[in-house]
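Notes follow once the structure below has been shown.
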Amino acid sequence: MSQKIKAASVHLKRAYEPAAPSDGTRILVDRLWPRGLSKAKAAIDLWMKEIAPSTELRKWFGHDPARWDEFRTRYAAEVREHPDEFHHLRELTSEGPITLVYSAHDEVHNDAVALRELLLGRTPKKDAG
């Protein structure tokens, strides 16, 4: 599927925020279930832990913004190791909006943000500085 995905088709939301009809298909993209959140309250349609960052990468990153660019590069390489799951995500966007659900506190530096960039065809770039 080489069709370009529209940015408006892929939303991001913390798992602890209430679900909304505009979310479309809610996909948890973390390897671990969000701490203290019931499955009913999370309203997750699909849990794709296979496409989440590996435990090693997640621990290395530690949500350190200074490691963000390198994390995105390493995570993109891991996502390429799961082409079926990535293709499935792309297919879901053709059925309606999707929301990548994550549990991180940092809403700018997390795996869902990086995965959304990959879905939209944006490749990680190293800072020139």
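The single condition among (1) in contact (Cβ under 8 Å) with a residue 60 or more places away in the chain; (2) touching a strand residue (DSSP E or B) at 6+ places or on another chain (Cβ under 8 Å) that R90 does not satisfy is (2). For the range 30-60, a tally of residues being farther than 18 Å from L12 by Cα, outside any helix (DSSP H, G or I) and without any contact (Cβ under 8 Å) to a residue 24 or more places away in the chain returns 2. Within the range 1-21, restricting attention to residues that are assigned to a helix (DSSP H, G or I), touching a residue at least 40 places away in the same chain (Cβ under 8 Å) and out of contact with any Pro (no Cβ under 7 Å at 6 or more places or on another chain), which residue is nearest to L120 (Cα to Cα)? Across the range 1-21, the extreme among qualifying residues is A7.
Report whether or not K39 is among the charged types (D, E, K, R) and within 13 Å of the chain's Cα centre (by Cα). No; evaluated as a whole, the condition is false for this residue. Within the range 13-46, the residues that satisfy the criterion of being within 17 Å of E95 (Cβ to Cβ) and of a type in the set (S, T, Y) are S22, T25. When residues in the range 65-83 are screened for being of a type outside the set (S, T, Y) and within 21 Å of E107 (Cβ to Cβ), 11 of them pass.
Can you report the number of residues in the range 23-51 which are modelled with pLDDT under 95 and hydroxyl-bearing (S, T, Y)? So the answer is 1.
Here is a check on your reading of the model: is L100 assigned to a helix (DSSP H, G or I), crowded, with 17+ Cβ neighbours inside 10 Å and in contact (Cβ under 8 Å) with a residue 12 or more places away in the chain? No, not satisfied. Looking across the range 67-87, the residues that are touching a residue at least 40 places away in the same chain (Cβ under 8 Å) and touching a helix residue (DSSP H, G or I) at 6+ places or on another chain (Cβ under 7 Å) come down to F71, R72, Y75, A76.
The values are calculated or read from the model by the stated rules, or taken from the named source; none is laboratory data. Quick caveat: nothing in here was measured; it's all calculated off a predicted structure. With ideal geometry, Cβ positions are generated from the backbone for all residues, glycine too; neighbour counts draw on all protein chains shown.
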